[in-house]
Amino acid sequence: MPATAMTRPTALPPPVVEIERRLHWRVLSLAGFLALMITFAVMAAISVLVPARLVTGLPDDPEMAAVRADLRGLLPMRAGELRFRSALAGEAPPGAVFDAGTAARVERARPQVERVRDRRRGDTRLEVALAHLDLALQRYLRAETRYRAVTDRGADVPEAHLGLGVALALQAAAETDQLRAHALRLEAIGQLTAVNRRDEAYEPALYDRALLLEEVGRRAEAARCAREHLALDPTGPWAARMQGIAEAQGR
């Protein structure tokens, strides 16, 4: 009986090979896309379930304590009507004057804070303190850069959001391009809204939001912020301004 000849597999026609190749790559692309979406979903879930660490106050350092004692309550920010407070200097009363002596205090504080920062590398609070000094000296772009370097890290640093909001609002006040000024004020409102309500910076941020919202024409939102501020501080030195915004919406 003659041996059966071995049959060779029939080669697929070129069009079929091309179709299979394309299907293979489409499957890989789809798998990669799904993996990417799953990664984003996990990151989003983590951001919701694990809130950012709240960073407040100042490090326990003798030199930092000396700086704080020198500036406490004496550092008006030349911020117009806006409020500002910090762990570094507290909050100056309304009408406080930033004079040559105040500027000298700020300049004297800078190298001290920088020395503490060099000893405590990675302490976000010291970068925020340096940004506050830039803000006090009206170095708004430098202050903005420092604040953004902190807010972009993902930590919850209320003073950085407050400082950045104030820096942007003050830049807007000096801006001659009205469209840019409006955009700066809107971004400032966003930063002030991000201030954690558990922090002492929340009340000044709420006050500033009311002022800026009124300035950009969002009067209903401004009135809501003003009423919330009045509920927190009904008789303080800033209450009359908030009362005026709250009542203006009703007229």
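Restricting attention to the stretch 191-201, the residues being of a type outside the set (S, T, N, Q) and buried (at least 20 other Cβ atoms within 10 Å of the Cβ) number 4. Filtering the stretch 161-178 to residues that are among the β-branched types (Val, Ile, Thr) and in contact with a Phe, Trp or Tyr (Cβ under 8 Å, 6 or more places away or on another chain) leaves only Val166. Screening Ala65 on (1) more than 19 Å from Gly163 (Cα to Cα); (2) at pLDDT below 80 shows it passes everything except condition (2). Each residue in the stretch 68-108 was checked for being aromatic (Phe, Trp, Tyr) and either at pLDDT 90 or above or on the phi > 0 side of the Ramachandran plot (or both), and 1 of them qualify.
Being assigned to a loop (DSSP other than H, G, I, E, B), touching a Lys or Arg at 6+ places or on another chain (Cβ under 7 Å) and surrounded by 13 or more Cβ atoms within 10 Å (Cβ to Cβ), is that true of even one residue in the stretch 94-109?
For the stretch 94-109, residues assigned to a loop (DSSP other than H, G, I, E, B), touching a Lys or Arg at 6+ places or on another chain (Cβ under 7 Å) and surrounded by 13 or more Cβ atoms within 10 Å (Cβ to Cβ): present.
For the stretch 144-172, the set of residues classified as under 9 Å from the mean Cα position of the chain (by Cα), among the aliphatic types (A, V, I, L, M) and part of a helix (DSSP H, G or I) consists of Val150, Ala160, Leu162, Leu164, listed by residue number.
Just to be sure before I move on: is Phe84 under 22 Å from Arg198 (Cβ atoms), in a loop (DSSP other than H, G, I, E, B) and not aliphatic (A, V, I, L, M) in the structure I sent? Yes, satisfied.
In the stretch 136-164, which residues are in contact (Cβ under 8 Å) with a residue 24 or more places away in the chain, more than 19 Å from Leu206 (Cβ to Cβ) and touching a helix residue (DSSP H, G or I) at 6+ places or on another chain (Cβ under 8 Å)? Selection gives Ala136, Leu137, Gln138, Tyr140, Leu141, Ala143, Glu144, Val150, Arg153, Ala155.
Under the condition of being of a type in the set (D, E, K, R), at pLDDT below 95 and part of a helix (DSSP H, G or I), the residues counted in the stretch 173-214 number 0. Of everything in the stretch 96-153 that's among the aliphatic types (A, V, I, L, M) and touching an Asp or Glu at 6+ places or on another chain (Cβ under 6 Å), which residue is farthest from Ala188 (Cα to Cα)? Ranking the candidates gives Val116 first. Here is a check on your reading of the model: is Ala231 among the small types (Gly, Ala, Ser) and in contact (Cβ under 8 Å) with a residue 24 or more places away in the chain? When the stated conditions are applied, Ala231 does not pass them. Screening Leu126 with (1) surrounded by 19 or more Cβ atoms within 10 Å (Cβ to Cβ); (2) farther than 24 Å from Leu54 by Cα gives one miss only, at (2).
The values are calculated or read from the model by the stated rules, or taken from the named source; none is laboratory data. Values in this document were obtained by computation on a predicted structure and should not be read as measured data. A quick note on method: Cβ atoms are made from the backbone with ideal geometry, for glycine too, and the neighbour counts reach across all protein chains shown.
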